[in-house]
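Once you've had a glance at the structure underneath, I'll fire off some questions.
The values are calculated or read from the model by the stated rules, or taken from the named source; none is laboratory data. Keep in mind the model is a prediction, meaning the values are calculated, not measured. In this analysis, Cβ positions are derived from the backbone assuming ideal geometry, glycine residues included, and neighbour counts consider all displayed protein chains.
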Amino acid sequence: MGYVDGAVIAVPTANREAYRSHSREVAKVFKEHGALNVVECWGDNVPDGEVTSFPMAVRCKPDETVVFCWIMWPSRDVRDEAMPKVMADRRFQSDANPMPFDGKRMIYGSFEVIIDE
């Protein structure tokens, strides 16, 4: 049914276009190595929570926006084979394509698709 890598990131709002540019470049790398789709979503209606929330999860500051993104893979096997190649790709290196956000506050994980309707 597929496999998904997902992330939630706090991006400085002023870096929206830099983030878009960065993401387009890394999306090419993922797709060249087998990803089916890469989706990046800029927060529009992401409320603060009292106990949990996206902003709380990434310690979002007032001058930052929450980004929610995911990469669709045909299978975990394809993803696992691709990731070392992705990480080694020059376009993925921080000196060639610096992350316009604090990567230490990014939360991410990988998920098996159980429903896709």
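Collect the residues in the range 89-114 that are touching a residue at least 60 places away in the same chain (Cβ under 8 Å), part of a loop (DSSP other than H, G, I, E, B) and not aromatic (Phe, Trp, Tyr), keeping them in residue-number order.
Across the range 89-114, the qualifying residues are ASP89, ASN97, PRO98, MET99, PRO100, ASP102, MET106, VAL113, ILE114.
From GLU64, GLU32, GLU40, GLU17, grab the single residue that is at pLDDT 95 or above, over 29 Å from ASP77 (Cα atoms) and either surrounded by 13 or more Cβ atoms within 10 Å (Cβ to Cβ) or in contact with a Lys or Arg (Cβ under 6 Å, 6 or more places away or on another chain) (or both).
GLU64
Being within 22 Å of VAL4 (Cα to Cα) and surrounded by fewer than 17 Cβ atoms within 10 Å (Cβ to Cβ) is the filter here, so list the residues in the range 43-61 that pass it.
Across the range 43-61, the qualifying residues are SER53, ALA57.
Within the range 48-64, does at least one residue satisfy the condition of being in contact with a strand residue (DSSP E or B) (Cβ under 7 Å, 6 or more places away or on another chain) and acidic (Asp, Glu)?
Among the residues of the range 48-64, at least one is in contact with a strand residue (DSSP E or B) (Cβ under 7 Å, 6 or more places away or on another chain) and acidic (Asp, Glu), which makes the answer yes.
Moving on. Only one residue in SER94, SER53 is at pLDDT below 95 and of a type in the set (Ser, Thr, Tyr), so which one is that?
After ruling out the rest, the residue left standing is SER94.
Can you name the residue in the range 77-89 that is more than 17 Å from the chain's Cα centre (by Cα) and closer than 26 Å to ASP116 by Cα and is also surrounded by the most Cβ atoms within 10 Å (Cβ to Cβ) among such residues?
That would be VAL78.
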